[in-house]
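Right, one structure below, let's go through it.
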Amino acid sequence: MRKIKIGQIGIGHNHGGAKMLAVKKFPELFEVVGWAEENEKWVEKRGNNPEYKDIPRLSADEIIEKSDAILVETDVWNLTETAQKCVDAGKHIHMDKPASGTLAEHHHLLDTAKEKGLILQLAYMYRYNPAVQKCIEMIKEGRLGEIFSINAEMSTYHPLDYKKWLTNFNGGIMYILGSHLIDLVVYILGKPQKITPFLKRTRLDGIDFEDNTLAVLEYEKALARVFVSSVEVNGFGRRQFMVSGSLGTFNINPIERPLTVTWSDKEIADKIYEDRKIYLPFEDNTASGRYDEMMRDFYSYIVGEKKNPFTYEHEYAVQEVLSEIIGGVSFNGKNIN
């Protein structure tokens, strides 16, 4: 089993440290060469975190030179630009989400990676939620029948500092969190025929950004509703991914902490005016290592043991849908500090 030399560019993304911790769990797969961060504020804030203490700090150019694969974990607005430098140099990348910049820039990144035969893995964490994986498996097996509805919610009651940070982005919370759900909807149903966004601003706490948002994705026979809020009390406890088909309904609610899943088919729900369902047991992977399987797959994709089911075309479609919802380019450059 050959080791992949891997480095990390950027420690400004909120999930970057967890990704490095996951990589370090597998020394038989990865040799960590170092990390890079140009913003000294991030170095001061996170550079001494346990995940970075025992590995060298290098320049971004040194990370690119020394690595076979790179974790791109910069501030969100720098993700696509940084990833492009890596793929231009022939490196496989794991890029955190959501992709930044324009659609043209994201398309160019994907085209470059495809032409060079490089792995480009996006860090949409719910792809590795065990209940979401089971739901997709059951859909592919036909156990849900014809899908006609997806109801997806991912809200939080965010603190003031986080809401100030969200003012950086067109679409606000829909761009940052809604992208997780759009990824799954597009994977299951494909690109919608029509998209209608509702991006509302409550201006609670005096912060002016899109903090109360809904997107309706229309298909020939199906509807998908993606609701994301930064101001919902116990929003985390109501995070949901529910898929309804002609043969059954798979409902994850909440999505994690605790992961809770119910299933109903026509045999279980034999009375139409009563709540009839069964609970399906799943292990919540948030405590044990949310990104462990993701990082193992990244290795397997690189060495050819597995094929990435999330194709270049899928990754472009996700960003295209997200871009239409938020109204174009993601970063509006208001408040980067």
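The values are calculated or read from the model by the stated rules, or taken from the named source; none is laboratory data. This is a predicted model, so every value here is computed, not measured. Note: ideal-geometry Cβ built from the backbone for every residue, glycine included; neighbour counts use all protein chains shown. Just the protein is used for accessible areas: all its heavy atoms, side chains included, with ligands, DNA and RNA removed. Shrake-Rupley method; radii C 1.70, N 1.55, O 1.52, S 1.80 Å.
The residues of the chain expose on average 45 square angstrom of accessible surface per residue, using a 1.4 Å probe on protein heavy atoms.
Per-residue Karplus couplings for segment 85-93, computed as 6.51 cos²θ - 1.76 cosθ + 1.60 with θ equal to phi - 60°, are listed in order as 4, 6, 6, 4, 8, x, 9, 5, 9 Hz, Gly and Pro entered as x.
Mind checking segment 28-57 for GluC sites (Glu not before Pro) that DSSP puts in a loop (not H, G, I, E or B) and that have at most 10 other Cβ atoms within 10 Å? Mind showing how you got there, number by number?
Values: sites: Glu28, Glu31, Glu37, Glu38, Glu40, Glu44, Glu51; in loops: Glu28, Glu37, Glu38.
When the GluC sites (Glu not before Pro) of segment 28-57 are filtered for loop state and at most 10 Cβ neighbours within 10 Å, Glu28 remain.
Shape call for segment 1-61 from the C-alpha gyration tensor, a ≥ b ≥ c root eigenvalues: rounded (a/c under 1.5), prolate (a/b greater than b/c) or oblate? Mind showing how you got there, number by number?
Working: a/c = 2.26, a/b = 1.69, b/c = 1.33.
Taking the square roots of the gyration eigenvalues as a ≥ b ≥ c, segment 1-61 is prolate.
Its residue count N fixes a reference of 2.2 N^0.38 Å for segment 172-276, and the Cα radius of gyration divided by that reference is 1.22. Computing the accessible area with a 1.4 Å probe over protein heavy atoms, can you report the carbon and sulfur percentage for segment 110-210? On segment 110-210, the fraction of accessible area on carbon and sulfur atoms equals 50 percent. Separation of segment 53-103 and segment 240-313, taken as the distance between their Cα centroids, equals 30 angstrom.
Which lysines, if any, have their Cα less than 16 Å from the Cα of Lys163, not counting same-chain residues under 8 positions apart? Here the lysines satisfying the reach criterion relative to Lys163 are Lys200, Lys334.
Over segment 184-330, what is the mean sequence separation of C-alpha contacts under 8 Å (at least six apart), divided by residue count, expressed as relative contact order in percent? Could the numbers behind the result be given before it?
On the way: 184 pairs, mean separation 23.6, N = 147.
Across segment 184-330, relative contact order equals 16 percent.
Across the chain, the relative contact order, built from alpha-carbon pairs under 8 Å that are at least six residues apart, equals 18 percent. Only DSSP H runs of four or more residues enter the estimate; each adds -39500 (n - 2.57), and after division by the residues of the chain the mean residue ellipticity at 222 nm equals -9500 deg cm²/dmol. Taking only the alpha carbons of segment 1-131, we obtain Rg and Dmax values of 14.0, 39 Å in that order. Under the criterion of Cα pairs below 8 Å and six or more residues apart, the relative contact order for segment 15-171 equals 15 percent. In plain terms, the chain from Lys66 to Glu31 could stretch by 11.5 nm, reckoned as 0.36 nm per residue minus the Cα-Cα distance. Restricting the GluC sites (Glu not before Pro) of segment 205-295 to loop positions (DSSP other than H, G, I, E, B) with no more than 11 neighbouring Cβ atoms within 10 Å leaves Glu220, Glu267, Glu274, Glu283.
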